[in-house]
Structure formats: C-alpha cells, structure tokens
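All remarks here apply to the structure that follows.
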Amino acid sequence: MIPSDHFVRFYNEVFKFLDERGGLRPYYDEISRHQEFHCLENFRKNGLRGMYEYWEHIRVEENCEVTQELLPDQLCFHMTRCPSLSKVLDCDAEPCRKYCEHCAGWVLPLLTKCGYYCVENIVGRTVPECWMFITPDRKVAEELFRQHKAMEKEPGTVLSNLDRGEEIERNRNHA
C-alpha cells in the first residue's frame, strides 16, 4: 500500500503531466464516471441529505477539517484544511496549478447528472481551503456564484456548473 503522503505527491505530478498535454479534463471526467458507481443513485434518491452523509463519511475517512450545514434547499460545505493539498505543500512540492480543481472536476459533472447546481470556491491555488454550495435552485446558485466571484482576488478560483443549466433542469425532472 502506498502511504498517503507519497500518493498525494504522485497525484500532483500526474495532474501536472496531464495538464501539460491537455488531458486533465478527460481524466476528471473519467473519475466522475467512476464516482457515479458510489454516489449517483444515492444523490438522486436522497438528495442533499445523501450528499451530506457522503461527505460526512469522507470527512472522517480522510481526516478533513470540514463543516457542513444542511439547509432545506442547500448544502453548504466549508473545508478549512484540505488534507490533500496540505500534504502536497508539506512535501515542498510545487502544486499543479489546477490541483484544487480535482474535486470540482468530478463533482460538477456528477451533480449535473443528479439535477443540482454547484458553486465551488477553491479560495487560492496554494491555500488548503474551499467552499462548496449545492442547491437545486438556479437563482440561489447564481447569487452564490456572484458573491464568491466578488470576494476572490485570483481568477478562476470560483467554479460552477451554471453553464449546464438546461441539462441540470432536464436531469432533475427525470431523476
């Protein structure tokens, strides 16, 4: 078994390699397809509650410093210390410039298939902190996207699936 400190550093180098060759997005898409086996049915059936329970399990399993708030129409997720990026930084590795996009890379396509909007603020490319908001309400997602874009100094740190609104609505109505 490979220790997590080594795995994360390896992961970082794989991201760099793929990014240099234009292969990072297809890689994230493949990870998302694999995550469907673990999450798609649960998220569709149990909605925000199922998502909350999934990330609560991940919080414990991966030793993340995370707070979650489950509201009737929204799941708010704030990771105050990402163990993955923290390990990359602790190893004195230069993080892949898109390292923090690996979560959004698989989460956004999956949530699109479940009929949910997601806004993720990765805060900074070398800051092991992020925010994620999941909601079935496009207007709520648009407002969260505007708020977080206005707060950020670094371009490209606020990500969403808002550009896939028609697909999200279609998937929610057929879930």
Members of region 20-29 that are acidic (Asp, Glu) and either assigned to a loop (DSSP other than H, G, I, E, B) or modelled with pLDDT of 95 or more (or both) | Glu20
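A quick yes/no check of all residues on (1) in contact (Cβ under 8 Å) with a residue 60 or more places away in the chain; (2) surrounded by 23 or more Cβ atoms within 10 Å (Cβ to Cβ); (3) farther than 20 Å from Tyr54 by Cβ; (4) touching an Asp or Glu at 6+ places or on another chain (Cβ under 8 Å):
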site: Lys113; (1), (2), (3), (4): yes, no, no, yes
site: Cys118; (1), (2), (3), (4): no, yes, no, no
site: Met151; (1), (2), (3), (4): no, no, yes, no
site: Glu166; (1), (2), (3), (4): no, no, yes, no
Please enumerate the residues belonging to region 94-132 that are among the aliphatic types (A, V, I, L, M) and either closer than 22 Å to Lys45 by Cα or not in a strand (DSSP E or B) (or both).
-> Ala104, Val107, Leu108, Leu110, Leu111, Val119, Ile122, Val123, Met132
Name the single residue, out of those in region 24-62 being of a type in the set (Lys, Arg) and under 15 Å from the mean Cα position of the chain (by Cα), that is surrounded by the most Cβ atoms within 10 Å (Cβ to Cβ).
-> Arg59
Taking region 38-83 and keeping residues aromatic (Phe, Trp, Tyr), touching a residue at least 40 places away in the same chain (Cβ under 8 Å) and more than 13 Å from Trp131 (Cβ to Cβ) leaves Phe43
Lone unmet requirement of (1) among the aromatic types (Phe, Trp, Tyr); (2) over 23 Å from Arg125 (Cα atoms); (3) modelled with pLDDT under 95 for Tyr52 = (3)
Is it fair to say Leu159 is assigned to a helix (DSSP H, G or I), touching a residue at least 24 places away in the same chain (Cβ under 8 Å), at negative phi and not acidic (Asp, Glu)?
-> no
Pair list, Cβ < 7 Å and 6+ apart or interchain, from region 8-32 residues that are closer than 20 Å to Cys91 by Cβ to residues that are of a type in the set (Val, Ile, Thr) | Val8/Val88; Arg9/Val88; Asn12/Val88
Only one of Val158, Val123 is touching a Lys or Arg at 6+ places or on another chain (Cβ under 9 Å), buried (at least 20 other Cβ atoms within 10 Å of the Cβ) and among the hydrophobic types (A, V, I, L, M, F, W, C), namely Val158
When only residues in region 100-157 that are modelled with pLDDT under 95 and among the aliphatic types (A, V, I, L, M) count, which is nearest to the chain's Cα centre (by Cα)?
-> Ala104
Top-ranked residue in region 80-89 [being of a type outside the set (Lys, Arg) and closer than 21 Å to Val60 by Cβ; ranked as farthest from the chain's Cα centre (by Cα)] = Ser86
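The values are calculated or read from the model by the stated rules, or taken from the named source; none is laboratory data. Owing to the predicted nature of the structure, the values given are computational and were not obtained by experimental measurement. As a convention, Cβ positions derive from the backbone with ideal geometry for all residues, glycine included, and neighbour counts pool all protein chains shown.
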